[in-house]
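First comes the structure, then the notes that go with it.
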Amino acid sequence: MSAARSFHCNAEKTKSSHLQAIEYYTPFDQLDDEPCAMRCLLCTKIYTLPTNEKTFLSHLFEEHRLIIGDVQRIPSLKCYLKYWGVKFSEASLNTFCSTLSMDCTPDGKPSKNECYFLLSDCLPEDKALRMELQRAKLEWVLAQQTKERADMNFKRGCMFCRLIFSGSRATYLKHLSQQHNIRLGKPENLVFVDQLLDRIENNIENLICVYCRKVFKDRTVLKEHMRKKLHKRINRNDESYDRFYMSNYLKQAAGDSTGTNNLSTISSDNSDNEENTWSDWNDEISDVNCLFCDYLDKHFASVIQHMKHVHAFDFEDLTRTLNFYQRVKIVNYVRRQIHTGHCIFCDATSADNILKHMREAQHFKLPEKRIWDQPEYYFPVIENDSFLCSIEVNSDEECDEQTVKRHP
């Protein structure tokens, strides 16, 4: 269906009186993201925001023909709505909003010259409000982060082992990273840490993978899935985690973030985000690739034997005393060296054939531990590396007990 649209920005929208109406230095009292009951801007209906945000925006469009542009870029929708709620109680929508002429009704039926109202930052007053909200939100989040980093009264039990931590949040985060390989990002980039940890722990207790959100039948299968798939980290594409990272607030304040018009949100059908229950043991296993050449085999043991006999590299013997995470580092270290044409032992380069150099120099062996035992080698060189998925736990993880206590 085609709709002829015309956009009218009245000259009166730019009057300085609208800019002067902004109370720039009035503190905003609902900058947090906690659910709150909010009254509709134009009627008496009540909605819980941000929980029922889509339903609320659909109501504005269908009942009042009001569109709020780029909602996802508004730092605090609750404060934004409170401001415009007062304004709309004093004058009609025509006084503040731009008008849109469309050839359809809100339910999609053809109809000529249907009038809609657009509230967006093309209006000076709205733009000034959004900028002030960005400033206030950034200051509030920075204050919260400073408070968390200075707080030494933090106390929490580890969600994976029987240890209790007290003191700083950084110590707890370091434990998750070093002992359980849970990658949440740099502590200095985190904010609302307690809420982030609550969310992750809730997922674990409900047998939900932190990264892909698949549901598993028991804790053992979940742990194996997260270990094998390297899912002990936050999915950067999951926007629901954005609020826990300072960099997102800084980018928004600097105007670096991009957004799309809210029309697509309004017109889209509501759908439940159902989570499928998966059994990790039903995953199709890909062929395992040798660490040094193109040899492939669906059986991990065959690849291990191939490396032992063809390359004189006994992976099991060389890693017998190492734990799972150290084995992962070795695999990623070797992959990186071979991929970049460097000897895994002496770091020499060969434009022709690095494997020939390693064979002639008998360098199919590991260098000093300090070379490969680096945090950067936690991350796979090859996406969905089946070799990594096949590594078994070799020894129990050890915990630094200097700053922790065990549950009774």
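Could you run the Karplus curve 6.51 cos²θ - 1.76 cosθ + 1.60 with θ = phi - 60° over the range 125-136 and give me ³J(HN,Hα) per residue in whole Hz, x for Gly and Pro?
The phi angles translate into 5, 5, 4, 4, 5, 5, 5, 5, 5, 4, 4, 5 Hz.
Could you work out the relative contact order of the range 32-104? I mean the mean sequence separation of Cα pairs under 8 Å and 6+ apart, divided by the number of residues, in percent. Could you put the intermediate results ahead of the total?
On the way: 46 pairs, mean separation 18.7, N = 73.
About 26 percent, as a whole number.
Taking a quarter of the surface of the Cα convex hull of the range 285-390, what do you get in nm²?
6.3
Would you please state the base-10 log of I(q)/I(0) at q = 0.10 1/Å for the range 151-253, with intensities from the Debye formula using one equal scatterer on every alpha carbon?
-0.28
Want the number for A143 to D352: 0.36 nm per residue separation, take away the alpha-carbon distance, what's left? Don't skip to the end; give the middle numbers.
On the way: separation 209, 0.36 × 209 = 75.24 nm, distance 5.64 nm.
69.6 nm is the gain from fully extending A143 to D352.
Can you give me the long-range amide H partners of C36? Hydrogens built in the peptide plane at 1.01 Å from N, cutoff under 5 Å, separation of 5 or more residues or another chain.
Correct list: L49, T51.
Just list whichever of K329/K369; K174/K232; K186/K214; K78/K186; K45/K87 have alpha carbons separated by over 22 Å in the model shown.
Beyond 22 Å between Cα atoms: K186/K214; K78/K186.
Output ³J(HN,Hα) for the range 54-61: one whole-Hz value per residue in order, computed from phi by the Karplus curve 6.51 cos²θ - 1.76 cosθ + 1.60 with θ = phi - 60°, and x for Gly and Pro.
5, 5, 5, 5, 5, 4, 4, 6
Multiplying the sequence separation of Q305 and D33 by 0.36 nm and subtracting their Cα-Cα distance, what value in nm do you get?
In short, 92.4 nm is gained.
For S111, what residues show an amide H to amide H distance below 5 Å, using hydrogens built from the backbone and excluding near sequence neighbours?
C104, T105
So which trypsin sites (Lys or Arg not before Pro) in the range 43-144 end up in coil per DSSP with only 16 or fewer other C-beta atoms within 10 Å?
K45
Order of H225, H309 from fewest to most other C-beta atoms within 10 Å? Mind dumping the intermediate values first?
Details: H225 21, H309 10.
Fewest-to-most ranking of H225, H309: H309, H225.
So who's got an amide H within less than 5 Å of the one on S98, skipping anything under 5 residues away but keeping other chains? H placed 1.01 Å off N, in plane.
It is L118, S120, by chain and number.
Each residue of the range 297-311 in turn: what ³J(HN,Hα) in whole Hz from Karplus with 6.51, -1.76, 1.60 and θ = phi - 60°, glycine and Pro shown as x?
Working through the residues one at a time gives 7, 6, 9, 4, 4, 5, 5, 4, 5, 4, 5, 5, 8, 8, 10 Hz.
If I take every Cα pair under 8 Å that is 6 or more residues apart in the range 285-390, average their sequence separation and divide by the length, what percent do I get for the relative contact order? List each step's numbers first, then the result.
Working: 124 pairs, mean separation 30.7, N = 106.
It comes to 29 percent, rounded to a whole number.
Only the coordinates and a few stated rules stand behind these numbers; no lab work does. Keep in mind that this is a model prediction, so the values were computed, not measured. Using ideal geometry, Cβ is built from the backbone for each residue, glycine included, and neighbour counts are taken over all protein chains shown.
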